[in-house]
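A short worksheet on the structure shown next.
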Amino acid sequence: MSPKKDIHDKLSELAGNLWWSWQPDVTAIFREIDPIRWSELSHNPILLLREYPPERLEERAREEMLHSRINAAYRDWQDYMSSSNTWGDIHAGVLGFRPVAYFSAEFGLHESFRIYSGGLGVLAGDHLKSASDLGIPLVAVGLFYNEGYFKQVVKEDGWQSEEYIHANPADLPMNEVSNPDGSELRIQLETRTGVIHAKVWQMDVGRIPLYLLDTNIDENIDENNEEDRKLTSRLYGGDQRMRIRQELLLGIGGVRALNAVGILPRVVHMNEGHSAFAGLEIIRSRMVNDGLSFHDAHRETQASGVFTTHTPVPAGHDRFDGELVEEHLGPIRDSLGLEYNDLLALGRVDPQNHSESFCMTVLAFKTARRANGVSNLHGIVSRRMWQSLWPWRSEEEVPVGHITNGVHVSTWLAQPMRVFYDRVLPENWSRRSGDPIVFSKFDEVRPTELWETHQSLKSRLILFARHRLLVQAKRNGLSDEQIQATQSTLDPQHLLIGFARRFAPYKRADLVLRDLELFEQLVCDDDRPVQFIFAGKAHPADEQGKQIMQRIFKMTQESRFRGRVVFLEDYDMKLGRRLVQGVDVWLNNPRRPYEASGTSGQKVVLNGGLNLSVLDGWWAEAYDGQNGFAIGDGQIHANQEVQDQRDADSLMETLRKEVIPLYYTRNDDDLPLEWINKMKRAVRTLGWRFNADRMVMDYVKSAYLPASGSESCDMRIIP
Ligand SMILES: *Cc1c(COP(=O)(O)O)cnc(C)c1O
């Protein structure tokens with residue numbers, strides 16, 4: 001018999017699997033051990049437990065009466081890990097022995113682990129969490145960036161600077177993968193100019209193992225040179241050469257890593273084109289292992305491939321010139337028995353066009369039979385965009401469908417709102433959150449209760465914002481008076497609008513500021529003022545994005561806007577959570593149709609906030625006239641300037657005529673009843689559709705099962 005586990009053992013085990021991060025009960029235990037350190041340590045339980053050795057933890061648990069809660073949490077976790085009869089057991093059991101392999105360049109799993117930059121990564125993280133909850137046989141592959149994506153610091157002049165924080169693997173819930181003989185596993189990638197070596201980490205996301213490749217191998221071992229050790233330092237850093245080497249590692253290295261641990265995936269899901277080289281390695285291994293010709297191996301690989309494209313923005317599709325491809329893919333080209341131009345043809349729309357560069361998205365389309373965009377509208381746009389790959393088909397017949405993105409409910413739902421759901425929704429609602437029936441009762445909830453829950457979350461956001469602003473003001477050396485003023489910033493009784501995104505120019509973060517006088521009229525209205533919180537990062541190389549950010553930041557420093565319009569730095573999952581849980585309105589004004597889906601607005605819905613959005617991405621199919629607010633009428637103008645001006649006018653008009661009056665129309669109890677009706681309608685009509693359980697179930701039914709060859713089904717799931 002193994003010795004009895006004490007609470008330190010149990011909490012350490014819990015901290016070793018990211019499952020804790022979407023369990024409010026477990027998170028609460030870590031927080032209560034030491035609320036201040038918990039916050040300072042960026043919610044990293046491994047670091048927290050290091051400061052609390054067994055005796056100290058025992059003492060603390062006694063003071064806080066945590067023993068029974070820790071034991072219950074541990075039991076829940078064991079039940080979760082061993083439960084059978086999950087949705088996946090019933091519907092995806094055939095995938096069992098040979099799982100789906102999900103490849104992504106970034107994963108947004110938790111704020112303590114910065115290997116994501118934005119929506120794509122958060123979506124991938126949410127995908128894994130729902131796959132775990134549903135019990136889908138799935139493994140995931142990514143890269144371990146030890147400096148991750150940058151931490152944003154905004155100086156007084158509003159210009160963004162980037163700080164990179166080196167993450168120590170020992171501080172994170174991951175373990176190095178070994179060979180059966182106990183030695184460390186190594187993956188080798190031959191290029192024309194040398195061999196790149198990588199080690200592999202395993203991180204557990206509930207039931208889903210995530211394998212992360214890492215080239216930062218001990219310098220005393222004569223393997224990687226300096227350049228290669230830094231290959232996985234940063235997400236989306238470096239030049240084209242670094243990018244193709246990272247993608248070589250992710251795609252080809254990823255497949256080799258899986259094979260090395262004994263996993264032969266039946267389905268390969270490429271989340272965005274970054275991992276498209278995976279297909280080439282699978283073709284190669286089929287040729288070697290099964291003795292197939294390139295042609296047959298290619299056809300079989302295609303049949304089991306699933307590709308999700310995520311953006312219509314041209315710069316979002318990696319392109320490499322022939323020499324870079326030859327340097328890195330040359331050795332595999334030899335094994336595939338292909339000529340130089342045959343390989344390049346796999347990444348060219350027109351195989352005969354030798355001047356076309358090699359595009360990862362094209363390669364992904366050519367190595368995966370099933371492909372999809374991430375919203376209904378994005379499906380349509382993608383079929384138009386990539387029709388040239390199937391010139392003999394009409395636009396409607398282009399084999400690209402869509403599966404609309406969704407968010408992982410337990411990750412994004414605020415705890416007080418969850419308690420509220422527990423009271424008003426059917427039992428076990430969280431295990432059936434992709435089912436419309438579950439949310440159908442939401443119309444009957446008492447307006448006061450919903451409003452009070454929302455108001456408490458809004459107050460929490462405002463306190464959080466004040467604290468962040470205080471820290472920012474002190475660091476930037478502002479006057480005592482200005483530091484003091486942060487503590488009366490934002491008023492919970494006034495309408496609060498949030499806007500947080502990457503500062504990619506197409507997202508038009510400054511659209512609402514186009515006419516600053518008009519903006520001032522809204523913000524400074526005595527009777528019905530409007531407040532704004534802005535946040536977001538610009539890619540380090542995006543000067544235009546940084547300028548937009550600077551303009552917004554400087555505006556927040558003007559005395560007329562002070563205390564009413566604020567900028568919070570370093571938008572990450574933690575800040576994101578607070579924002580989506582506390583705002584009244586979430587503003588989204590991309591230039592249609594460039595927002596393929598967008599997911600932050602879906603997080604807002606769950607928490608009772610209302611969307612005010614251009615009819616783009618998910619909102620184009622979500623908005624029903626009453627469950628939020630629309631900007632514009634879905635028209636696109638050929639002239640960008642005209643489109644921007646029209647959308648800006650429409651945004652102002654909707655704010656003035658719909659949003660503001662509705663918010664400030666109160667009954668005798670000071671309740672905005674019509675507003676609350678919209679909140680209810682949003683949760684009821686959208687909660688079940690735009691969540692990650694529904695999304696993963698759609699992937700299983702219309703992509704994974706057909707790609708596994710176990711059921712035939714049409715990828716096209718266009719309503
Ligand atoms: C959800 C999320 C995103 C994605 O939001 P969009 O609506 O696609 O812009 C980006 N960053 C963070 C930190 C998020 O939590």
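The values are calculated or read from the model by the stated rules, or taken from the named source; none is laboratory data. All values reported here derive from a predicted model rather than from experimental measurement. FYI the Cβ positions are ideal-geometry reconstructions off the backbone, even for glycines, and counts take in every protein chain you see. Ligands, DNA and RNA are excluded from the accessible area calculation, which covers all protein heavy atoms including side chains. Shrake-Rupley method; radii C 1.70, N 1.55, O 1.52, S 1.80 Å.
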Return the percentage of antiparallel bridges among DSSP beta bridges fully within the chain, rounded to the nearest 5 %.
35 percent
Collect residues whose amide H, placed 1.01 Å from N in the peptide plane, falls under 5 Å from the amide H of SER42; neighbours closer than 5 in sequence don't count.
none
What net charge do the residues around ALA303 carry, taking every other residue with its C-beta under 12 Å from that of ALA303, with Lys and Arg at +1 and Asp and Glu at -1?
+3
List the lysines whose alpha-carbon lies under 28 Å from that of LYS678, not counting same-chain residues fewer than 8 positions away?
LYS441, LYS458, LYS507, LYS574, LYS603, LYS657
What list of ³J(HN,Hα) values in whole Hz, one per residue of the stretch 165-177 in order, does the Karplus curve 6.51 cos²θ - 1.76 cosθ + 1.60 (θ = phi - 60°) give from phi, with Gly and Pro shown as x?
10, 6, 8, 9, x, 5, 8, 10, x, 9, 10, 6, 7
Carbon and sulfur atoms: what percent of the 1.4 Å accessible area of the stretch 412-690 do they account for?
45 percent
If you plug each phi of the stretch 87-99 into the Karplus form 6.51 cos²θ - 1.76 cosθ + 1.60 with θ = phi - 60°, what whole-Hz ³J(HN,Hα) values come out, in order, with x for Gly and Pro?
4, x, 4, 7, 9, 10, x, 4, 6, x, 6, 10, x
Per-residue HN-Hα couplings for the stretch 418-435 [Karplus 6.51, -1.76, 1.60; θ = phi - 60°; Hz; x = Gly/Pro]:
5, 4, 4, 4, 4, 6, 9, 9, x, 4, 6, 4, 6, 8, 10, 6, x, 10
R0 = 25 Å: FRET efficiency of ARG299 with LEU264, Cβ-based, nearest 0.05?
0.90
Cα gyration tensor shape for the stretch 161-216, rounded if a/c is under 1.5, else prolate or oblate
oblate
Distance in nm between pseudo-label sites at ARG560 and ASN667 (7 Å out along the Cβ direction from Cα)
3.8 nm
Which GluC sites (Glu not before Pro) from the stretch 552-629 combine a DSSP loop assignment with at most 13 other Cβ atoms within 10 Å?
GLU558
VAL288 accessible area, assembled protein chains, probe 1.4 Å, Å²
100 Å²
Cα-based convex hull, the stretch 418-465, per residue volume (Å³, whole number)
88 Å³
Can you give me the long-range amide H partners of LEU495? Hydrogens built in the peptide plane at 1.01 Å from N, cutoff under 5 Å, separation of 5 or more residues or another chain.
GLN531
Mind checking the per residue accessible area of the stretch 412-690 for me, 1.4 Å probe, whole number of Å²?
39 Å²
Qualifying GluC sites (Glu not before Pro) for the stretch 201-248 [loop in DSSP, other Cβ within 10 Å: at most 16]:
GLU219
Quarter of the surface of the C-alpha convex hull for the chain, i.e. direction-averaged projected area in nm², equals 32.6 nm²
Given H placed 1.01 Å from N in the peptide plane, which residues other than close sequence neighbours of LEU615 have an amide H under 5 Å from its amide H?
ILE631, GLY634
Could you sort 671-679, 571-579 so that the peptide with the highest average Cβ count within 10 Å comes first and the rest follow in order?
571-579, 671-679
Which whole-number percent is the relative contact order of the chain (Cα, under 8 Å, 6+ apart)?
13 percent
